[in-house]
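Structure record follows, encoded as structure tokens.
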Amino acid sequence: MSELTYLTLTQARAGLLAKEFSVDELLEAHISALAAHRDLNAFITETADLARQQAKTAASRLQRGEAGLLEGLPIAIKDLFCTTDVLTTAASHILDGFKPPYESSVTRKLWGEGALCLGKTNLDEFAMGSANVTSYYGPVRSPWTAVGDNVAVVPGGSSGGSAAAVAARIALAATGTDTGGSIRQPAAFCGITGIKPTYGRCSRFGVIAFASSLDQPGAFGRSVEDCALFLEAMAGYDPNDSTSADLPVPDWKSEVGGGVKGMRIGLPREYRVDGMPSEIEQIWQQGASWLKAQGAEIVEISLPHTKYALPTYYIIAPAEASSNLARYDGMRFGLRVPGKNLAETYMKTRGEGFGAEVRRRIMIGTYVLSAGYYDAYYLKAQKVRRRIADDFTQAFEHCDAILTPTAPSAAFRVGDKMDDPVAMYLNDVFTVPSSLAGLPGISVPAGLSASGLPLGLQVIGRPWDEMTCFKVGRAIEQAADFTTLPYGLEAAA
Amino acid sequence: MSLDRSTVARIANLARIDVPDDQQEPLARELSNLLLWVEQLREVDTDGVEPLRMIMPLPPRWREDSVTDGGHADVVTANAPAALDGFFVVPKVVE
Amino acid sequence: MSYTIEGNTGTWEIVVGLEVHAQVISESKLFSGASTAYGAPPNANVSIVDAGMPGMLPVVNAHCIRQAVRTGLGLKAQINKDSVFERKNYFYPDLPQGYQISQYLHPIVGNGELVIDMPNGESRTIGITRLHLEQDAGKSVHDRSDDATLIDLNRSGVALMEIVSEPDIRTPEEAVLYMRKLRSILRYLGTCDGNMEEGNLRCDANVSVRRRGETAFGTRCEIKNVNSMRFVARAIEYEARRQVDLIESGQTVVQETRLFDAQKGETRSMRGKEEAHDYRYFPDPDLLPVILPEGYVEEIAASLPELPDAKKSRFIADYGVTPYDAGVLVMEQQTAAYFEAVAQGRDAKQAANWVINELFGLLAKGGKDLSETPISADDLGRLLDLLNDGTISGRLAKDVFAIMFETGQSPARIVEERGLKQVTDTSSIEPFCEEVIAANPGQVETYRKNPKVIGWFVGQVMKKTGGKANPAVVTGILQKMLDG
Ligand SMILES: [Mg+2]
Ligand SMILES: [Zn+2]
């Protein structure tokens, strides 16, 4: 294992620009790491050949001094982003063999900035899950294990493969998508940093949809600065996505170290939920103290409708999903399971092509939109969503950013919480409210649980104010000085 | 709201998802539990609240009327389980 | 105008509302950049958006919004400055996304009206309930294989305006007049070319019956696939009769969708395909609400052309043509413009007469329409000038017209080259008059008792001159000779 894979994205970039090592050396080190960690099942498709091809262009561009933001840097792509002629699965059986004849806008930008594609990472099927256990291609295991236990823990989900790949030093950074917490929660579970930007900051064009009004691409990195750099390369206006915002992309990476002096940081009192483990409460208080020590003012705020966020989310997201996933019907691409006739072909293809969690959500979504129930469920949920969004608007009159734990617990063992959907859904209790409001949120590793697993803190910002998330995140990062490595990686470090 | 087997069967048909008979009962229970859980929303007073339409208010985004795509039936049908002469081939539709 | 059906138990009337799907004239589709051109090879005019590929997103075509607003204004309708695209969810192989993007609770156009002109000169106003934008589905080809259906998505995503009328129509004829008038307005506006054969104007009819005098509506059936003007009346007549027979035999009408079979001239149930439709409409989260900018509607309103109703009134008032003739002349914008070019500075009634009776007569005989006319409006005008200034006679004018139609030559050239100019000079006509008088002493006797017989003499002289003599001059000479 090469120490090149232990660099941050920012360090690797500097190293390439300073010609301390070559694009090839950097890439081959990562390809080796990828091969060494296949036990994590973090990738559905490896694309070493594509990366090597991209590396040639990158090397010559670096040579000519025409380097893009990510020139020559090996990264991983959540397998929810469509990539031209590369198998794209959404971790679902129903997309068997699907090779898109098109590129997602985000990955197109990344290749344009010179990034190298190591592969497509595993995820919960159609991004539905919080443990990365619903993938047709098998669960992802986290590179972490609890102290004194060698049972694998989950990496979180749905972007579990991306989080595991970055945590295990396979990729310098990775894309994710976040609908209700699918970047922030796995970042917290895997001890890395993950940002979900404001809804509309990154294009959804070419990203396989789960719930359109919530889905947002974002970034994983091993530092706040890396996330800022990576997100800069991903973000920006796209005329192909009507919900993408025509706003300039700020130079986040240069300003992450701006500090928190004079900032007001809100702690929502409703996030002190019943039964929250004391270590979560402690890390949260710790985070507040760190920020206070760096000159921020800590204020208590109220987000009164917090407790309704999860049920609201579990109406809206399945409703949109039930419609978004109607196109997987075996007619034009992907799996077709032939039946006696058309009707049976539909039923079998979708019955066998979707896994249990996806089927469950499609069923719920279909039900809440069906005749006679729309007002009671979907319309009601959109009204409550309005109230939740208004809560945040009001809260931001009293603070510049909101600090919360990212998840209500550390990572759990593979196999836990599988029999109770609601218990699984509670993983996202702290991330879902800001998703419903479309706000940016970052998760930064802040410490370890009693069992030696990473714990993350979440910083939520105002609309389009990723900058404040980065600054506060960086302040926590500095104070936390989180340097613990997952199992098996300490030795190599 | 608790779902019975027949409702599950109706929803499964609307969603075109085959649910084998022996799975209808357990699925009905599972979905009923979920619905019971989301029904706590009834507690929220939403009188006079406008449902959320756009999370981030954006100006209208329309495209110019010009032909910028098409002319590649081969690409469009490249992933089709079955295709013929530029058409997608699907099981017989009975009118 | 009343239309009733005599049943065994009494007299019935019909209630009809029409839902028209009009294809918007645009270069590209409602939500993608693929072409809308007709007749392309299968799946050639398809983008990955239209094919419902994973991750694809719709982006609204600005021109289609403009066209819908324009049409709404043409129907004197309320324009909604805030409308919403929703998804109508159902599975069908020609519906790639598994939903149709349409408008449901908040259409772009609300209440409007359309005036139909009855042949007896009366007019009736039919209410328009709404107009909304939606995307078309693809096409299923069933006859290429016994065990498979082929899908062509060229139409998938093409913009349609669904225009829904109030149930104000009371006769099959009114339904046809409604369709004609709507088509006329759409063509004036340039928002739909109204070609039913190519399927860019499609009509579904909601038909119910009730006993005469009743005010409540009966149960209605929706008749789909009424794809020509002729079928509109036939489908309604058949369906109304079917419903009356059902009720009178003690059965009930089931609300359902029925298909019009043009070959058999009957409607049949589509129940097999129908099942329990539950479209689960909800606002499309991929699209923003359609909010029309300040001044947008006003600007389009200012750019509207003069529409058929206004033009008709003006033709009646300014040109003195009959309401019926005016109605015929304004049906197509091109016809109205042609007529106005001919009528400009001339006798308008005469112009209307020549356009409607002579020109349309010959065009109809040749199966042509006005765009294919060999006679330009200018030439027809010059022909009328030659007639009116006495250069040619009325009889010759029709011959010249026929030659113009065949050859496309100008009337002056035809008259000149064929020597058809009217003869007015007395010295060359007198010999013919003398000849006729001399050869018919008996008729001269009759003339003494009945001077009206002079018409017979004029006819004889005209015949001898090959129709070229000016009849007024001939009459004058004959009178002088016979009376003298
Ligand atoms: Mg309709
Ligand atoms: Zn329609």
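For region C:92-134, a residue qualifies if it is within 30 Å of A:Tyr374 (Cβ to Cβ) and hydrophobic (A, V, I, L, M, F, W, C), and the qualifying residues are C:Leu95, C:Ile101, C:Leu105, C:Ile108, C:Val109, C:Ile128, C:Leu131, C:Leu133. Would you check if there is a residue in region C:447-470 being in contact with a helix residue (DSSP H, G or I) (Cβ under 6 Å, 6 or more places away or on another chain) and small (Gly, Ala, Ser)? Yes, some residue in region C:447-470 is in contact with a helix residue (DSSP H, G or I) (Cβ under 6 Å, 6 or more places away or on another chain) and small (Gly, Ala, Ser). Of the listed requirements (1) at pLDDT below 90; (2) surrounded by 13 or more Cβ atoms within 10 Å (Cβ to Cβ), C:Pro451 misses just one: (2). Going residue by residue through region C:88-96, is there one that turns out to be within 13 Å of ligand 2 (Cβ to nearest atom) and either assigned to a strand (DSSP E or B) or more than 25 Å from A:Glu344 (Cα to Cα) (or both)? There is at least one residue in region C:88-96 that is within 13 Å of ligand 2 (Cβ to nearest atom) and either assigned to a strand (DSSP E or B) or more than 25 Å from A:Glu344 (Cα to Cα) (or both).
Of all strands (runs of 3 or more DSSP E) completely enclosed by region C:119-164, which ones contain at least 1 residues that are within 16 Å of ligand 1 (Cβ to nearest atom), more than 10 Å from every other protein chain (Cβ to nearest Cβ) and modelled with pLDDT of 95 or more? Walk me through it before giving the result.
On the way: elements: C:123-135, C:139-141, C:148-152.
Here the list reads C:123-135.
Every listed requirement among (1) outside any strand (DSSP E or B); (2) in contact with a helix residue (DSSP H, G or I) (Cβ under 6 Å, 6 or more places away or on another chain) is met by A:Ala165 save one, (2).
Look through C:Gly467, C:Gly459, C:Gly476 and report the one residue that is closer than 30 Å to C:Lys349 by Cα, in a loop (DSSP other than H, G, I, E, B) and not assigned by TED's automatic domain parsing to the domain that holds C:Val355.
Step by step, each of C:Gly467, C:Gly459, C:Gly476 is checked, and only C:Gly467 is closer than 30 Å to C:Lys349 by Cα, in a loop (DSSP other than H, G, I, E, B) and not assigned by TED's automatic domain parsing to the domain that holds C:Val355.
Note on region A:182-203: residues that are within 14 Å of the chain's Cα centre (by Cα) and more than 25 Å from A:Pro408 (Cα to Cα) total 1. Within this structure, A:Gly351 fails the test of being crowded, with 20+ Cβ neighbours inside 10 Å, more than 7 Å from every other protein chain (Cβ to nearest Cβ) and at pLDDT 95 or above. Checked against the criteria, C:Gln263 does not count as in a loop (DSSP other than H, G, I, E, B) and closer than 29 Å to C:Arg211 by Cβ.
Could you tell me whether C:Pro54 is crowded, with 22+ Cβ neighbours inside 10 Å, free of Cβ contacts under 8 Å to residues at least 12 places away in the same chain and more than 16 Å from ligand 1 (Cβ to nearest atom)? Against the criterion (crowded, with 22+ Cβ neighbours inside 10 Å, free of Cβ contacts under 8 Å to residues at least 12 places away in the same chain and more than 16 Å from ligand 1 (Cβ to nearest atom)), C:Pro54 qualifies.
One line per residue, one yes/no per condition, for (1) within 30 Å of C:Val49 (Cβ to Cβ); (2) without any contact (Cβ under 8 Å) to a residue 24 or more places away in the chain; (3) buried (at least 22 other Cβ atoms within 10 Å of the Cβ):
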residue: A:Thr8; (1), (2), (3): no, no, no
residue: A:Leu34; (1), (2), (3): no, no, yes
residue: A:Leu40; (1), (2), (3): no, no, yes
residue: A:Asp79; (1), (2), (3): yes, no, yes
residue: A:Thr83; (1), (2), (3): yes, no, yes
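What tally of residues in region B:14-29 results from selecting those that are closer than 20 Å to A:Tyr374 by Cα, in a helix (DSSP H, G or I) and either among the hydroxyl-bearing types (Ser, Thr, Tyr) or at the interface with another protein chain (Cβ under 8 Å from one of its Cβ atoms) (or both)? Selection size over region B:14-29: 1.
For (1) in contact with a Lys or Arg (Cβ under 8 Å, 6 or more places away or on another chain); (2) closer than 22 Å to A:Ala167 by Cβ; (3) within 14 Å of chain B (Cβ to nearest Cβ), each residue gets a yes or a no:
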position: A:Pro405; (1), (2), (3): no, yes, no
position: A:Pro408; (1), (2), (3): no, yes, no
position: A:Lys417; (1), (2), (3): no, yes, no
position: A:Pro421; (1), (2), (3): yes, no, yes
position: A:Tyr425; (1), (2), (3): no, no, yes
position: A:Phe430; (1), (2), (3): no, yes, no
position: A:Gly438; (1), (2), (3): no, no, yes
position: A:Gly441; (1), (2), (3): yes, yes, yes
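For region C:194-216, indicate whether the set of residues that are in contact (Cβ under 8 Å) with a residue 24 or more places away in the chain, assigned to a helix (DSSP H, G or I), within 14 Å of the chain's Cα centre (by Cα) and away from ligand 1 (no atom under 16 Å from the Cβ) is non-empty. No, the conditions are met nowhere in region C:194-216.
I'm trying to understand the selection: among the residues of region C:386-416, which are free of Cβ contacts under 8 Å to residues at least 40 places away in the same chain and in a loop (DSSP other than H, G, I, E, B)? Correct list: C:Asp389, C:Thr391, C:Ile392, C:Gly408, C:Gln409, C:Ser410. Assessment of region C:78-91 against the conditions (within 26 Å of C:Ile185 (Cβ to Cβ) and within 9 Å of chain B (Cβ to nearest Cβ)) yields at least one matching residue.
Listed here are the residues, each with its yes/no results for (1) more than 22 Å from C:Arg180 (Cα to Cα); (2) at pLDDT 95 or above.
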| site | (1), (2) |
| --- | --- |
| C:Met229 | no, no |
| C:Glu237 | no, yes |
| C:Val244 | yes, yes |
| C:Thr252 | yes, no |
| C:Gln255 | yes, no |
| C:Thr267 | yes, no |
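Restricting attention to region C:165-181, the residues that are within 16 Å of ligand 1 (Cβ to nearest atom) and either assigned to a helix (DSSP H, G or I) or surrounded by 23 or more Cβ atoms within 10 Å (Cβ to Cβ) (or both) add up to 1.
One line per residue, one yes/no per condition, for (1) in a strand (DSSP E or B); (2) within 7 Å of chain C (Cβ to nearest Cβ); (3) touching a residue at least 12 places away in the same chain (Cβ under 8 Å); (4) in contact with a strand residue (DSSP E or B) (Cβ under 7 Å, 6 or more places away or on another chain):
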{"site": "B:Met56", "(1), (2), (3), (4)": "no, no, no, no"}
{"site": "B:Pro59", "(1), (2), (3), (4)": "no, no, no, no"}
{"site": "B:Asp65", "(1), (2), (3), (4)": "no, yes, no, yes"}
{"site": "B:Gly71", "(1), (2), (3), (4)": "no, yes, no, no"}
{"site": "B:Asp74", "(1), (2), (3), (4)": "no, no, yes, no"}
{"site": "B:Ala78", "(1), (2), (3), (4)": "no, no, no, no"}
{"site": "B:Pro81", "(1), (2), (3), (4)": "no, no, no, no"}
{"site": "B:Val90", "(1), (2), (3), (4)": "yes, yes, no, yes"}
{"site": "B:Val93", "(1), (2), (3), (4)": "no, yes, no, yes"}
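For the residues C:Leu177, C:Leu201, the requirement of being within 16 Å of ligand 2 (Cβ to nearest atom) and out of contact with any His (no Cβ under 7 Å at 6 or more places or on another chain) singles out C:Leu201.
Name the single residue, out of those in region B:33-54 being among the polar types (S, T, N, Q) and under 21 Å from A:Val429 (Cα atoms), that is nearest to the other protein chains (Cβ to nearest Cβ). Top of the filtered list is B:Gln40. Across region A:323-348, what is the total count of residues that are among the hydrophobic types (A, V, I, L, M, F, W, C), more than 19 Å from A:Leu87 (Cα to Cα) and at the interface with another protein chain (Cβ under 7 Å from one of its Cβ atoms)? Going through region A:323-348 one residue at a time, the tally reaches 3. For the condition away from chain B (no Cβ under 14 Å), within 16 Å of ligand 1 (Cβ to nearest atom) and among the charged types (D, E, K, R), C:Arg230 does not qualify. Taking (1) within 13 Å of chain A (Cβ to nearest Cβ); (2) within 23 Å of C:Glu222 (Cβ to Cβ) in turn, C:Gly52 satisfies each apart from (2).
Among the residues of region C:69-87, is there at least one that is closer than 19 Å to B:Thr77 by Cα and either crowded, with 24+ Cβ neighbours inside 10 Å or in the same structural domain as C:Gly157 (by TED's automatic domain parsing) (or both)?
Looking through region C:69-87, none of the residues is closer than 19 Å to B:Thr77 by Cα and either crowded, with 24+ Cβ neighbours inside 10 Å or in the same structural domain as C:Gly157 (by TED's automatic domain parsing) (or both).
The values are calculated or read from the model by the stated rules, or taken from the named source; none is laboratory data. This one's a predicted model, so the numbers in the text were calculated from it and none came from an experiment. Cβ: placed from backbone, ideal geometry, glycine included. Neighbour counts: every protein chain shown.
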